[in-house]
Amino acid sequence: MKKRIIPKRYLISFDSHTYSHIFTDILVVGSGVAGLSAAIQASKKSSVLIVTKDKIDENNTAYAQGGIAVVLSPEDEVLKHKKDTLNAGQGLCDASVVGMIISEGPKRVQEMIDWGAEFDKENDHLIFTQEGGHSFPRIIRALGDSTGREVENTLIRCIKRNKNIKVFEYTYAIDLITDDDNVCHGIVAWHPKKGITLIWAKQTILATGGCGQVYRETTNPNVATGDGLAMAYRAGATLQDLEFVQFHPTTLYIAGAVRFLITETVRGEGGILRNKNGERFMPKYHERAELAPRDVVSQSILKEMQNTHHTHVYLDIRHIPKKRLYTRFPKIKEICESFGIDISKDLIPVRPSAHYMIGGIKVDRFSMTTIKQLYACGEIACTGMHGANRLGSNSLLEGLVMGNVAGFEASKSAQNVKGTLAPFSISETSGGSKTSWLDLEDIGNSLKSLMWRKVGIEREEKRLLQAEEMIEMWCRYVMDKEFSTPQGWELQNMLLVASLIVSSAYTRKESRGVHHRTDYPQTDDIHWKKHILVIR
Ligand code: FAD
Ligand code: SIN
């Protein structure tokens, strides 16, 4: 692979004398489960500012459906959940981190319940569901299929009554401010009223979520453009495991519709996958059939689509009693109905799409990145919880636990930073040309399409090299520009993140977990039971 284009250190030119300054003990970037959990914990001893680029509740968290995997059933055990998680991770999990997150989970979920979260119950007992790869029904849910919405709303209620926490909505973090000693001092941001603003913090927590938007087919909302990954990379943080992009097997596939997720718990409740000819196919691919691990289900669907020359397969839940379906999956019922599909009578057209970034900014068990005074938590972080494949419903759990850890650790460190923050002068020139006739949307769509075709569920050297060449060509005329709105910065971030995914996928010459190389179909522990690190 050729040498990658090294991006500019900062996306924009700025002079600290010219712009407005804001100060806070703890800066949290992102308002999903991880960012909000971090903010709530940190606010116990510190002032906190949350910066988020859209409205506070627009994020992956709010769209989560299936639930939270947590050991709360009296018959379940931490060790069993740990074993399932390690099995899915195929040799790349950090067992001590897995143990820590799973053991802490019940405490964090109980805290949410104390804050008013309502998880679904029967006769006053929590209901537990099963998902692929879990050996036990341990997934709790809310409002049938709107768990993320309940989690997000509960945390927002806590934030709103907390006097130590301020929130800037529609405020875009452009870059981290770092010094020559590898210390982070906050961010350069774009505020809708103040314009470019320097936010100085004793400690900064990145919780900007995933990057599903680099793919044409994705379950992720528009905000998931990988900004935090790109910012951290430009600032010199170590990233790892970026080749491990998880594809969710079942997204509603209707031309013109957003790729709405059809939760795995539909299969947990007995949903069957059928091909174009109406044949059930999963039993021939895996002994656990529809409840095989996600990577197996996604790859099997792809094979069936290829074999039947069809754009999708179908999910069949017609055998489940209508009343049960409608109360169990009210949101799915509503969305499908809006496209003329009655889930009790009709087959649901589905196919896989990009869902979750398993890799991310490398952090230790205290959520600390390789840059001083910079923490990361949630989907953006790579803690070692998921290894090469994430078990369903393990990420809300991770976000809750590690958000709390990041908030605690950052606040503790902030107490040791004496005195008030003094901004140092910075004058950065990005060197980018400000004139441009680029159609940003067109380039973005081309990138997404390229990633889907060449860097999707199945990868292979020739196609990865083609992807790399195209991205490099686009970078040549996009990265040398200086934009003044989020759309341009997002495109630059997506190009950078896509190029890092491609180079990591190219480097790992084996198949493991969600990374499936058709030219290297075997898992090769001797050479590749290790992480691929990416550093600027
Ligand atoms: P997010 O919730 O994505 O939050 C990121 C935040 O960062 C957003 O508020 C965004 O606006 C902000 N941000 C991003 N860039 C910037 C920037 N430049 N400046 C300022 N702010 C920025 N997991 C489970 O465990 N169980 C499930 O049932 C489940 N279902 C899912 C269903 C769907 C459809 C999806 C998409 C994911 C699902 N997941 C599920 C995964 C899980 O929801 C996410 O991994 C998790 O919510 C991520 O939380 P987070 O706080 O890290 O990031
Ligand atoms: C789902 O509900 O299928 C998504 C669960 C997850 O991604 O963890």
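Brief remarks on what is shown
- Eigen-decomposition of the gyration tensor built on the alpha-carbon atoms of segment 151-243 gives equivalent ellipsoid semi-axes of 22, 21, 14 angstrom, largest listed first.
- Its relative contact order, with pairs defined as Cα atoms under 8 Å and 6+ residues apart, puts segment 249-381 at 25 percent.
- Computed Kirkwood radius, in angstrom, where 1/r is averaged over Cα pairs of segment 307-348: 11.0 Å
- Derived from the Cα gyration tensor, the three semi-axes of the equivalent ellipsoid of the chain are 36, 28, 21 Å, largest first.
- Cα-derived Rg to Rh of segment 403-536, Kirkwood definition: 1.10
- Order of Trp474, Trp437 - criterion: other Cβ atoms within 10 Å of each residue's Cβ, fewest first: Trp437, Trp474
- Proxy reagent accessibility, fewest Cβ within 10 Å first, across Glu334, Glu287: Glu287, Glu334
- Within straight-line cross-link reach of Lys509, lysines at Cα separation under 20 Å, skipping those fewer than 8 residues along the same chain: Lys2, Lys3, Lys454, Lys462, Lys529, Lys530
- Cα-based Rg and Dmax for segment 288-360, where Dmax is the largest Cα-Cα distance (Å): 14.2, 42
- Listed by chain and number, the lysines placed with their C-alpha closer than 17 angstrom to that of Lys434 are Lys8, Lys481; residues fewer than eight positions away on the same chain are left out.
- DSSP-defined beta bridges in the chain - what % are antiparallel, rounded to 5: 60 percent
- Pairwise alpha-carbon distances in segment 24-122 exceed 21 Å for 50% of all pairs.
- Relative contact order (%) - the chain, alpha-carbon pairs under 8 angstrom, separation at least six: 24 percent
- Radius of gyration over Kirkwood radius for segment 475-532, both on Cα atoms: the Rg/Rh ratio is 1.19.
- Under 24 Å of direct C-alpha separation, and excluding same-chain neighbours fewer than eight residues apart, Lys45 reaches these lysines: Lys107, Lys160, Lys163, Lys166, Lys202, Lys372, Lys412, Lys418.
- Value of Rg to Rh for segment 121-165, rounded to two decimals, is 1.14; Kirkwood radius and Rg both from alpha-carbon coordinates.
- Ordering His17, His312, His191 from the fewest to the most neighbouring beta carbons within 10 Å gives His17, His191, His312.
- The eigenvalues of the Cα gyration tensor, multiplied by 5 and square-rooted, give segment 352-446 an equivalent ellipsoid with semi-axes of 30, 28, 10 Å from largest to smallest.
- With all projection directions averaged, the alpha carbon convex hull of segment 61-175 covers 9.6 nm².
- Nonlocal amide H pairs with Ala381, under 5 Å, H built at 1.01 Å: Ile361
Every number here is computed from the coordinates shown, using simple stated rules; none is lab data. Note that this is a predicted model, so its numbers are computed, not measured. Cβ sites come from the backbone with ideal geometry, for glycine too, and all protein chains shown count toward neighbours.
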